[in-house]
Amino acid sequence: MTKVLYPGSFDPITLGHMNIIKQASDIFDEVIVAIMQNPDKINKGFFTVEERLAIINEIYKDNDNVKVISSSGATINVARENDCKIIVRGLRNIIDFAQEYSLQQINKEISNNEIRTVCLFADKDYQDISSSMVKELYRLDIDYSKYVSSIVEEKMKIKKLGGK
Ligand code: ADP
């Protein structure tokens with residue numbers, strides 16, 4: 001049984017992230033989506049980590065092979081704690097590639113080759129989607145609904161109205 005860790009901020013989760021989760025769950029037995037919290041950025045997100053957990057859990061409530069966790073630890077430790085020898089990352093373009101290349105190298109070294117990174121390529125329709133773009137469209141009151149699931153759209157609308 002191969003479990004993989006898919007770490008990220010997911011603030012908010014987009015159809016791009018979901019495309020990578022689908023690809024990973026087609027290949028591996030279980031995908032653990034890890035909402036990684038940077039201690040310096042607590043309370044600086046759009047959604048709180050608790051809100052992101054609730055949203056992603058809601059999206060994948062019928063998918064037995066997708067689990068969601070949150071952590072503020074080092075990615076390789078989170079991978080170890082969850083019995084994952086593989087970290088999955090998504091690639092949209094050459095900029096992602098450059099970042100992921102450095103990250104995987106560090107993670108490989110500090111885990112003594114125990115934890116490897118597998119990169120999956122975004123499908124064509126999802127290549128230009130990012131959480132920051134979605135948040136910028138939201139701020140400008142421009143429709144972002146085609147980039148996120150209806151659950152995220154609804155939660156973002158509630159936030160705009162000042163609700164929780
Ligand atoms: P970060 O770790 O920089 O906060 P994100 O949380 O936005 O990144 O994303 C987590 C992972 O998902 C990263 O590997 C990122 O490259 C990837 N990713 C983000 N958006 C997309 C997308 N539209 N298509 C494919 N991969 C994506």
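The values are calculated or read from the model by the stated rules, or taken from the named source; none is laboratory data. Bear in mind that the values here come from a model prediction, so they are computed numbers and not experimental data. Ideal geometry is used to build each Cβ from the backbone, glycine not excepted, and the neighbour counts take in all protein chains shown. Only protein heavy atoms, including side chains, enter the accessible area calculation; ligands, DNA and RNA are left aside. Shrake-Rupley method; radii C 1.70, N 1.55, O 1.52, S 1.80 Å.
Quick look at the values:
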| quantity | calculated |
| --- | --- |
| Euclidean distance of C-alpha centroids, region 122-140 and region 43-75, integer Å | 19 |
| Overall Cα dimensions of region 2-64 - principal axes, largest extent first, Å | 34, 20, 18 |
| Virtual spin-label span in nm between residue 83 and residue 1, 7 Å along Cα→Cβ | 0.5 |
| Mean Cβ count within 10 Å, highest first, over the residues of peptides 154-160, 50-56 | 50-56, 154-160 |
| Dipole magnitude (debye, nearest 20) for the chain, charges at Cβ of Lys, Arg, Asp, Glu | 340 |
| Placed amide H near residue 6: partners under 5 Å, 5+ positions off or other chain | 32, 33, 34, 88 |
| ³J(HN,Hα) computed for each position of region 95-101 - Karplus, 6.51 cos²θ - 1.76 cosθ + 1.60, integer Hz, glycine/proline x | 5, 4, 4, 4, 5, 5, 4 |
| Overall form of region 45-141 per C-alpha gyration tensor (a/c, 1.5; a/b vs b/c) | oblate |
| Cross-link pairs beyond the 23 Å C-alpha cut-off, checked among 135/157; 3/108; 67/157; 135/155; 61/146; 85/124 | 67/157; 85/124 |
| Å² per residue, accessible surface of region 36-164 at 1.4 Å | 65 |
| Sulfur and carbon atoms: percent of accessible area, region 33-164 [1.4 Å] | 50 |
| Long-range HN-HN contacts of residue 148 with modeled amide H, under 5 Å | 15 |
